[in-house]
Amino acid sequence: MSIMEPDLHKLKINDPFLGQYQQLVRNVVIPYQWDALNDRIAEAEPSHAITNFRIAAGLEHGEFYGMVFQDSDVAKWLEAVAWSLCQKPDPELEKTADDVIDLVAAAQCDDGYLNTYFTVKAPGERWTNLAECHELYCAGHMIEAGVAYFQGTGKRALLDVVCKLADHIDSVFGAGENQLHGYPGHPEIELALMRLYDVTQESRYLTLVKYFVEERGAQPHFYDIEYEKRGKTSHWHNYGPAWMVKDKAYSQAHQPLTEQQTAIGHAVRFVYLMTGVAHLARLSNDESKRQDCLRLWNNMVQRQLYITGGIGSQSSGEAFSSDYDLPNDTVYAESCASIGLMMFARRMLEMEADSQYADVMERALYNTVLGGMALDGKHFFYVNPLEVHPKTLAFNHIYDHVKPVRQRWFGCACCPPNIARVLTSLGHYIYTARTDALFINLYVGNSAAVPVGDNELQLRISGNYPWQEQVKIDITSPVKVEHTLALRLPDWCADPQVVLNGEAVTGDVRQGYCYLTRCWQEGDSITLTLPMPVRRLYGNPQVRQQAGKVALQRGPLVYCLEEADNGAALHNLSLPADSAFRVFEGKGLFSHKILIQAEGFVQRVLKVESQPLWQYDRAPTTREAQTLTFIPWFSWANRGEGEMRIWVDEV
């Protein structure tokens with residue numbers, strides 16, 4: 001069945017929760033990040049990204065500054081702007097973006113090449129270090145921006161730039177005798193070219209993606225060949241000689257995809273690559289690549305996924321480690337990795353209608369993705385731990401990557417603009433529109449119009465998800481439309497109930513979706529009730545870091561303890577197995593959010609400073625009753641620095 005991209009001009013998000021996040025991105029995040037790109041944020045690391053383009057365009061003199069992939073921050077900002085303009089036109093913002101696009105076009109070389117680092121700093125070294133230098137990664141993000149801006153505004157200027165860039169890349173890479181037989185160290189170009197193919201239907205782009213995917217891991221290894229050619233030099237000297245060249249799993253280049261059995265290496269690179277592979281597998285009807293996607297998806301979500309939707313359990317290489325190794329305090333769980341996980345899940349949903357992909361997508365969105373940005377829209381997490389003890393972070397260097405509070409900006413600032421672009425493009429994730437059915441994946445309040453043959457099915461989703469259990473779906477089509485609606489029944493909900501026009505229905509439930517087929521007309525109404533009791537989560541017995549512990553989830557939200565509510569030394573708290581839960585609406589910062597309380601215990605220590613480091617035969621603590629307060633994990637660290645913990649001892 002063919003997939004139809006939702007028209008975001010006809011999809012308006014009015015969700016009382018995520019709608020506020022979109023408004024925050026529009027009113028605060030996009031302007032804030034524009035200031036950051038122009039180095040106007042005090043006490044934040046400079047970006048220089050716009051200046052780099054001005055220098056490359058010959059409009060300013062100076063030196064390139066920043067990471068080798070600095071261009072991608074501008075591209076992601078443009079993409080966020082494009083999707084934001086779909087939700088709410090803003091002539092001033094659009095004019096600013098048009099000016100940036102003119103600047104990008106001016107920085108493009110005559111042959112289509114576009115990368116300010118190499119244009120300004122190393123023009124003679126283009127395409128000589130694919131393993132390390134992110135040229136194809138930056139190209140991919142600019143291509144995504146070009147597609148988004150065309151779809152969002154109808155303007156072709158940036159689309160023409162990226163088509164010229166893609167044509168240049170197509171001329172450089174491939175199986176031809178005079179072409180480079182290589183592929184990117186950081187996947188991104190693959191998923192971007194698939195999006196460009198969707199818009200242009202230029203088959204060369206699909207063929208190039210196939211080449212990049214299938215060339216990975218081929219022997220003799222391209223990264224070794226190019227390393228020798230450039231005199232065994234490395235871009236990232238601080239990581240040791242050719243670290244990225246030698247650790248090929250880091251770049252998803254250690255073996256052909258068909259041979260890979262586990263999710264391994266840099267987590268963002270893995271999910272970006274697999275997003276492109278899943279898209280390619282569907283459009284080319286490639287069963288082998290579909291099986292690659294299924295095999296690697298299953299390993300990732302069944303053995304290497306955090307309950308927060310985070311992936312990448314170690315800071316070394318920002319990478320997966322091994323099956324069932326899920327440390328809570330040293331975890332990396334980069335914000336970008338969870339965004340990439342959402343992208344991978346979306347493409348898997350397009351390939352096959354199985355709610356497990358939407359369940360993971362929802363888990364990542366409502367926990368790690370939202371948690372990556374403060375409630376003020378001006379502070380961000382790169383790393384998303386499940387447990388933090390701030391006093392230790394300053395002294396134990398195993399935690400050097402962990403921050404106890406969100407940061408204003410980063411020298412490597414991939415996460416903030418990535419969060420902005422995914423929140424403005426939520427319409428791409430709510431529905432999967434097939435010719436045979438409209439699948440509702442996320443219960444985000446919105447109104448939409450979806451083509452069905454020569455007609456449109458118009459509908460409106462409302463409610464107060466994820467805080468309240470009832471979701472309403474109203475049909476607003478002025479003419480009758482025969483079609484199938486498929487409602488996701490979340491994995492966390494044990495007893496979903498569906499009522500159509502006042503009568504309970506069971507529907508046809510397959511792979512986690514409830515199918516309702518009828519001739520829909522204005523006035524038809526579906527009420528979906530998803531009971532949200534507080535549920536206890538227990539880890540697989542092979543996950544040693546969760547042994548004897550329990551976590552709490554309500555609806556799609558994972559909860560945590562924070563020092564601000566429960567005092568310090570959270571490791572001394574425990575939750576009885578038979579404790580009842582009380583849910584209530586918070587105040588102030590937590591207004592309109594649901595909090596949880598339960599009666600638990602705290603281990604008290606008398607004269608703690610005089611206690612020996614250990615003692616024989618008798619525990620140094622006494623157990624006392626204490627009320628435990630749990631907050632939604634995504635909202636932690638909005639009240640200053642303090643301890644946080646998701647997994648709690650159960651007694």
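The values are calculated or read from the model by the stated rules, or taken from the named source; none is laboratory data. Just so it is clear, the model here is predicted, and its values are computed rather than measured. Here the Cβ positions follow ideal geometry from the backbone for every residue, glycine too, while neighbour counts run over all protein chains shown.
Keeping to the range 377-402, report how many residues are surrounded by 20 or more Cβ atoms within 10 Å (Cβ to Cβ), out of contact with any Pro (no Cβ under 6 Å at 6 or more places or on another chain) and closer than 16 Å to E563 by Cβ.
4
Does the range 358-368 contain any residue that is surrounded by fewer than 24 Cβ atoms within 10 Å (Cβ to Cβ), in the same structural domain as L24 (by TED's automatic domain parsing) and at positive phi?
Within the range 358-368, not a single residue is surrounded by fewer than 24 Cβ atoms within 10 Å (Cβ to Cβ), in the same structural domain as L24 (by TED's automatic domain parsing) and at positive phi.
Determine, yes or no, whether A131 is in contact with a Ser or Thr (Cβ under 9 Å, 6 or more places away or on another chain), assigned by TED's automatic domain parsing to the domain that holds L24 and within 30 Å of S234 (Cα to Cα).
Yes.
Only residues that are basic (K, R) and surrounded by fewer than 12 Cβ atoms within 10 Å (Cβ to Cβ): list them for the range 583-596, please. So that I can check it myself, show each step before the final result.
Within the range 583-596, the first condition is being basic (K, R), and the residues that meet it are 587, 593.
Once the filter is applied, which keeps residues that are basic (K, R) and surrounded by fewer than 12 Cβ atoms within 10 Å (Cβ to Cβ), the range 583-596 yields only K587.
Go through the range 268-296 and report how many residues are more than 14 Å from E190 (Cβ to Cβ), in a helix (DSSP H, G or I) and either free of Cβ contacts under 8 Å to residues at least 60 places away in the same chain or not assigned by TED's automatic domain parsing to the domain that holds C336 (or both).
To start, the set of residues in the range 268-296 that are more than 14 Å from E190 (Cβ to Cβ) comprises 285, 287-288, 290-291, 294-296.
Imposing the further condition that a residue be in a helix (DSSP H, G or I) reduces the set to 287-288, 290-291, 294-296.
After this cut, where a residue has to be either free of Cβ contacts under 8 Å to residues at least 60 places away in the same chain or not assigned by TED's automatic domain parsing to the domain that holds C336 (or both) as well, the list is 287-288, 291, 294-296.
Going through the range 268-296 one residue at a time, the tally reaches 6.
This table checks each residue for (1) modelled with pLDDT under 95; (2) among the polar types (S, T, N, Q); (3) surrounded by 18 or more Cβ atoms within 10 Å (Cβ to Cβ).
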site: G276; (1), (2), (3): no, no, yes
site: L283; (1), (2), (3): no, no, no
site: S288; (1), (2), (3): no, yes, no
site: L294; (1), (2), (3): no, no, no
site: I311; (1), (2), (3): no, no, yes
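Every residue in the range 327-356 that is part of a loop (DSSP other than H, G, I, E, B) and surrounded by 24 or more Cβ atoms within 10 Å (Cβ to Cβ), please.
Once the filter is applied, which keeps residues that are part of a loop (DSSP other than H, G, I, E, B) and surrounded by 24 or more Cβ atoms within 10 Å (Cβ to Cβ), the range 327-356 yields V331, Y332, A333, E334.
What number of residues in the range 550-565 are more than 13 Å from I307 (Cα to Cα) and touching a strand residue (DSSP E or B) at 6+ places or on another chain (Cβ under 6 Å)? Show your work before the answer.
Restricting attention to the range 550-565, the residues satisfying the condition of being more than 13 Å from I307 (Cα to Cα) are 561-565.
Add one more test, that the residue is touching a strand residue (DSSP E or B) at 6+ places or on another chain (Cβ under 6 Å), and what stays is 561-562, 565.
Number satisfying all stated conditions: 3.
Just for strands (runs of 3 or more DSSP E) wholly inside the range 396-483: which have at least 2 residues that are in contact with a Lys or Arg (Cβ under 9 Å, 6 or more places away or on another chain)?
438-440, 446-452, 455-463, 470-475
Quick one: which of L180, L103, L136, L159 is surrounded by 24 or more Cβ atoms within 10 Å (Cβ to Cβ) and not aromatic (F, W, Y)?
The match here is L136.
Table: residues versus (1) outside the structural domain of V452 (by TED's automatic domain parsing); (2) within 15 Å of T116 (Cβ to Cβ); (3) β-branched (V, I, T).
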residue: P16; (1), (2), (3): yes, no, no
residue: I50; (1), (2), (3): yes, yes, yes
residue: E60; (1), (2), (3): yes, yes, no
residue: K88; (1), (2), (3): yes, no, no
residue: A97; (1), (2), (3): yes, no, no
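With the condition kept exactly as written, say whether any residue in the range 56-75 is in contact with a Phe, Trp or Tyr (Cβ under 9 Å, 6 or more places away or on another chain), within 15 Å of I419 (Cβ to Cβ) and in a helix (DSSP H, G or I).
yes
List pairs: first residue in the range 137-163 and at negative phi, second residue surrounded by 24 or more Cβ atoms within 10 Å (Cβ to Cβ) and of a type in the set (K, R) anywhere in the structure, Cβ distance under 7 angstrom, at least six positions apart or on different chains.
H141/K76
Can you name the residue in the range 125-151 that is modelled with pLDDT of 95 or more and of a type in the set (G, A, S) and is also nearest to V74 (Cα to Cα) among such residues?
Checking each candidate, the answer is A145.
Being surrounded by fewer than 18 Cβ atoms within 10 Å (Cβ to Cβ) and hydroxyl-bearing (S, T, Y) is the filter here; which residues of the range 446-483 pass it?
Passing the criteria: S447, S462, T476.
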